[in-house]
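Here is the structure we will look at.
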2 protein chains.
Amino acid sequence: MAAQKSAHAQPPASERPHPDTSRRNQRSRRAIYDAALALVAEVGYPKTTIEGIAARAGVGKQTIYRWWSSKADVLLEAFLDLGAQAAQAAGQETYAIPDTGDLAADLKAVLRATVDELRDPTFEAPSRALAAEGIVDEQFGREFVATLLEPSLQLYVDRLRAAQDAGQVRAEVDPRIALELFVSPLAQRWLQHTAPISHAYTDTLVDYALHGLAPR
Amino acid sequence: MAAQKSAHAQPPASERPHPDTSRRNQRSRRAIYDAALALVAEVGYPKTTIEGIAARAGVGKQTIYRWWSSKADVLLEAFLDLGAQAAQAAGQETYAIPDTGDLAADLKAVLRATVDELRDPTFEAPSRALAAEGIVDEQFGREFVATLLEPSLQLYVDRLRAAQDAGQVRAEVDPRIALELFVSPLAQRWLQHTAPISHAYTDTLVDYALHGLAPR
């Protein structure tokens, strides 16, 4: 879906010595991204290989190795590009969690949208594969977290800080830990198939996290 | 460590037709468990094979295939046995979260012990491998959750129900969701290397979960 739209990702400037080369490189990158995402969705991550991606993209294996060191790196970049394109298609040039003044409503809206995305097959296969690879390969895991996961968690930090300024979250709360009370349960259910995910479920997480389990 | 102690796991009754066969089977199972756990710790899960486990255990490949259908199944059983032996060594014949009447203290104690276990190399390699396999193989993931993860989560359900009876948790709270507010953040940090884990961190999770983020 989003991956089929027009390209906007740019190769690094060091690889753009000439307009024609640049255009050719960009076409190759686009084909490699599409091939990697398609293969992971069709045959699964373990059976996806650099050779398979190269064959499907119509490029030589060496073209891929010139730009990336592993299939995990190819897929991470393809997935980042997919997300950037989806955001662009939705008209979201800057990323932020809305601030309507109602913290619970804003968090519930974002988490409902996340539930929808986690259930979207276009996103599910690659994000599941990347998360799994990050668990067994710690170095790749740290790259995945730094480029993909942590930037999105920082949006919650920003929104919780605004809520602290507005007196809606206790001043002594650490926002980076606090966000995990509603984000991590959703992540674990989805990743580990421990239980179903739904809008009602994430709404409940937000209510519990804001108001606590103990009686008031 | 715990895996080196004397065996107590029993093969299914259907495979105990004769005392001598039973003892031989039990010795083989023990050797296979030890080989699987050792290989995963030494070469990692992706490079661990049924052939490698068989060679190290000194049994034929067919002996392994007679009892298990995949290396993931071998490792899951080996890990369950490891946990059972560790519990036995610690004198915990029944599993339960202590109930001292102080819910926060009890949860903090159990989560601190979990942090220690997650950092213990004996447990870390196999549990990380099993979790990662469960993420890419949904069928195995459901088996992993049903036999290993969910039973331990149910202990938190029991403790939270007791706290509800004692008026320390709001009656309308669903304990199966509530436990995720402190268990899932720890699981995600550990699995995805998003941030360090410590006793201070899990103590904070318990405080936030019980008292909420919003001012009282």
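Could you grab me the full set of residues in region B:173-187 that are more than 24 Å from B:Asp81 (Cα to Cα), more than 7 Å from chain A (Cβ to nearest Cβ) and touching a residue at least 24 places away in the same chain (Cβ under 8 Å)?
Of everything in region B:173-187, those that are more than 24 Å from B:Asp81 (Cα to Cα), more than 7 Å from chain A (Cβ to nearest Cβ) and touching a residue at least 24 places away in the same chain (Cβ under 8 Å) turn out to be B:Leu179, B:Phe182.
Count, please, the residues in region A:89-117 that happen to be in contact (Cβ under 8 Å) with a residue 60 or more places away in the chain and farther than 19 Å from A:Gln154 by Cα.
Result for region A:89-117: 1.
In region B:161-172, what residues are touching a residue at least 40 places away in the same chain (Cβ under 8 Å) and either in a helix (DSSP H, G or I) or not β-branched (Val, Ile, Thr) (or both)? Before you say what the answer is, go through the steps one by one.
First, the residues of region B:161-172 that are touching a residue at least 40 places away in the same chain (Cβ under 8 Å): B:162-163, B:166, B:168-169.
Hits for region B:161-172 are B:Ala162, B:Ala163, B:Ala166, B:Gln168.
Which numbered condition trips up B:Arg170, out of (1) farther than 28 Å from A:Leu153 by Cα; (2) touching a helix residue (DSSP H, G or I) at 6+ places or on another chain (Cβ under 7 Å); (3) facing chain A (nearest Cβ under 7 Å)?
Unmet for B:Arg170, out of (1) farther than 28 Å from A:Leu153 by Cα; (2) touching a helix residue (DSSP H, G or I) at 6+ places or on another chain (Cβ under 7 Å); (3) facing chain A (nearest Cβ under 7 Å): (2).
Return the only residue of A:Gln154, A:Gln139 being without any contact (Cβ under 8 Å) to a residue 24 or more places away in the chain, within 10 Å of chain B (Cβ to nearest Cβ), of a type outside the set (Val, Ile, Thr) and in a helix (DSSP H, G or I). Can you show your working first?
On the way: A:Gln154 fails: within 10 Å of chain B (Cβ to nearest Cβ).
On inspection, the qualifying residue turns out to be A:Gln139.
Return only the number of the condition from (1) within 13 Å of the chain's Cα centre (by Cα); (2) within 23 Å of A:Gly44 (Cβ to Cβ); (3) surrounded by 18 or more Cβ atoms within 10 Å (Cβ to Cβ); (4) of a type outside the set (Asp, Glu) that B:Ala132 does not satisfy.
(1) is the only condition that B:Ala132 fails.
So is B:Tyr45 out of contact with any strand residue (DSSP E or B) (no Cβ under 6 Å at 6 or more places or on another chain), closer than 26 Å to B:Asp120 by Cα, modelled with pLDDT of 95 or more and buried (at least 20 other Cβ atoms within 10 Å of the Cβ) or not?
Values: out of contact with any strand residue (DSSP E or B) (no Cβ under 6 Å at 6 or more places or on another chain): yes; closer than 26 Å to B:Asp120 by Cα: yes; modelled with pLDDT of 95 or more: no; buried (at least 20 other Cβ atoms within 10 Å of the Cβ): yes.
It is false that B:Tyr45 is out of contact with any strand residue (DSSP E or B) (no Cβ under 6 Å at 6 or more places or on another chain), closer than 26 Å to B:Asp120 by Cα, modelled with pLDDT of 95 or more and buried (at least 20 other Cβ atoms within 10 Å of the Cβ).
Is there a residue being farther than 23 Å from B:Gly44 by Cβ, more than 13 Å from chain A (Cβ to nearest Cβ), surrounded by 18 or more Cβ atoms within 10 Å (Cβ to Cβ) and in contact with a Leu (Cβ under 7 Å, 6 or more places away or on another chain) anywhere in region B:102-113?
Yes: one or more hits.
Is it fair to say A:Ala35 is at pLDDT 95 or above and either of a type in the set (Ser, Thr, Tyr) or under 26 Å from A:Asp120 (Cβ atoms) (or both)? Steps first, please.
On the way: at pLDDT 95 or above: yes; either of a type in the set (Ser, Thr, Tyr) or under 26 Å from A:Asp120 (Cβ atoms) (or both): yes.
So A:Ala35 fits the description; yes.
From (1) more than 10 Å from chain B (Cβ to nearest Cβ); (2) under 14 Å from the mean Cα position of the chain (by Cα); (3) surrounded by fewer than 20 Cβ atoms within 10 Å (Cβ to Cβ), pick out the condition that doesn't hold for A:Asp165.
(2)
The values are calculated or read from the model by the stated rules, or taken from the named source; none is laboratory data. Not measured: the values here are computed from a predicted model. With ideal geometry, Cβ positions are generated from the backbone for all residues, glycine too; neighbour counts draw on all protein chains shown.
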